[in-house]
Amino acid sequence: MKLLAVLLTLLTAWLPVAATGVVKTTGRQISSGSRQKPNVIFILVDDLGYADIGSYGARDIRTPRLDRLAREGVRLTDCYSNGPVCTPTRAGFITGRYQQRVGLEWAIRTGDTEPGLLASETSIARLLKGSGYRTALFGKWHLGYKPEHGPNAHGFDEFFGILGGNADMYSHKGDNGELELYEGATPTDKPGYLTDLITERAARYVERHAREPFFMYVAYNAPHWPFQPPDKPDDIRTRENWSRGTRADYLKMIERVDSGVGQILAALDRHHLARNTLVVFTNDNGGERFSINAPLAHRKATLWEGGIRVPCLARWPAELPAGKVSNHPMITMDWTATILAATETALPAGRRLDGVNILPVLQGRAPYIERTFFWRIARDERKQKAVRQGKWKMLRDGGIELLFDLEKDASERYDIGYQNQEVLRQMRDRLRSWEADMDRTKPPFSVK
């Protein structure tokens, strides 16, 4: 009987989340009947370097509030973004599925109003709203400009932020000169530094909804370009100087995000909500030009580790151990499945997620299980594909195929494919099967 119980635990934790009834947790059971539902705060930053916060080795920046999250929760060393740029990762989080299924494999261009995430898709916000949660997004959406593609159409009660990929931090305009800041589906031009405005709304939301369960998605657009440090309101950008900046500017942007996270945590503390609130902090893709991704190779917009491996911190004092470091691989869409499991939220009939519930592993109640992840860049100027399977990573960069043992070589310096032909064969087969599965879906948009 003990063996059967263990097998059932592993099966529930690691099969892709099925579409019948409630998404269940394993290990320590979470029952809405025995205590209040947990709150969930998912904080996603933009273009942060892997080594650009203190707990990941930063030496020229102070991030004491994020370091507090690491001390009081779990720090993941092998967390991946769904995509190497903004839009695909955000699509993966909202739907819990590979972004290829919804046709959003690359970033939607500023001002491109046609493509977007269809409201018919599964949305974590809509599911949680149906489960009794208040829902809000403060920050960057980047999944479509039209109201039918926007946050409110996907189950968010409140939205304040930018619909596109980036905006001037002070004027809130895109590089095309058009206003990017919205309140719901209405353009707004509230003055202030954009990071501070997002923080202000997020902290206030905690205050307003302290007595009911809430899901808050805080999507800072910092430290994405334009690289405008705080407290310099005269630093207005145009298309001509949009990408100007220095690492010092970039670091100040991160430190202001850190301060904002501290204000959100302080709001939880004031209302005695910290113990039963799952707070996740992560990034949408690898760091860009001013970032440090060490020890990883390359950067954003590639499928090398520096383009897709990201910092990730998770704190939930009621359920997760403090000070734990986990090297278990995970990917953005796993957080979707995990949040649904933690909140005992049901999926629609017939819906399956590609992400899985990682809560049992983070709790230490399930062992390491080998995962397989897939990525693809199919642009005219860049063709890359990658598979991570356990410790192995196969990378196709143009016409070159490489194999790395990430346990020994996270920097991807030593191609050992010639020594491991059978591993390569298996990974090629899995990649072909995955692409065939993705290509069976025919979404109305194809952003590549």
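Each value in this text was obtained by applying a stated rule to the coordinates, not by laboratory testing. All of these numbers come straight from a predicted model, not from anything done at the bench. Note that each Cβ is placed from the backbone with ideal geometry, even for glycine, and that neighbours are counted across all protein chains shown.
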Toy charge model, Lys and Arg Cβ at +1, Asp and Glu Cβ at -1: the chain dipole around Cα centroid in debye, rounded to 20, equals 1240 debye
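Shape of the chain from its Cα gyration tensor (a ≥ b ≥ c, root eigenvalues): rounded if a/c is under 1.5, otherwise prolate when a/b > b/c, or oblate?
It comes out rounded by the Cα gyration axes.
Using Cβ counts within 10 Å as a stand-in for footprinting exposure, how do TYR368, TYR250 rank, fewest first?
Values: TYR368 11, TYR250 27.
Going from sparsest to densest Cβ surroundings: TYR368, TYR250.
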Reduced to Cα centres, the span from region 114-189 to region 75-96 in Å works out to 18 Å
Reduced to Cα centres, the span from region 342-362 to region 253-306 in Å works out to 23 Å
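Within region 58-164, list the chymotrypsin sites (Phe, Trp or Tyr not before Pro) lying in a DSSP loop whose Cβ has at most 15 other Cβ atoms in a 10 Å radius.
Details: sites: TYR80, PHE93, TYR98, TRP106, TYR133, PHE138, TRP141, TYR145, PHE156, PHE159, PHE160; in loops: TYR98, TRP106, TYR133, TRP141, TYR145, PHE156.
Of the chymotrypsin sites (Phe, Trp or Tyr not before Pro), not one in the loops of region 58-164 has a Cβ with at most 15 other Cβ atoms within 10 Å.
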The long-range amide H neighbours of ALA219, using H built 1.01 Å from N in the peptide plane and a cut-off of under 5 Å, are LEU44, PHE138, GLY139, LYS140
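How would region 168-272 be classified by its alpha-carbon gyration tensor: rounded, prolate or oblate, with rounded meaning a/c under 1.5 and the a/b versus b/c comparison settling the rest?
Oblate, since a/c reaches 1.5 and b/c is not below a/b.
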Cβ density ranking, 10 Å radius, fewest first, applied to ILE108, ILE198 yields ILE198, ILE108
By the mean-Cβ-within-10 Å protection proxy, highest first, 359-367, 187-195 rank as 359-367, 187-195
Surrounding charge for VAL280, neighbours by C-beta under 11 angstrom, Lys/Arg +1, Asp/Glu -1, total 0
What helix-only [θ] at 222 nm does the chain give? Using -39500 (n - 2.57) per DSSP H run of at least 4, over all residues, to the nearest 500, the answer is -8000 deg cm²/dmol
Projecting the Cα atoms of TYR368, THR345, ALA301 onto the charge dipole of region 296-374, where Lys and Arg contribute +1 and Asp and Glu -1 at Cβ, the residue farthest towards the positive end is ALA301
If every Lys and Arg gets +1 and every Asp and Glu gets -1 at its Cβ, then about the Cα centre region 292-426 yields a dipole, in debye to the nearest 20, of 220 debye
Bridge orientation stat for the chain from DSSP, antiparallel percent rounded to 5, came to 55 percent
From fewest to most C-beta neighbours within 10 Å, the residues MET253, MET427 line up as MET427, MET253
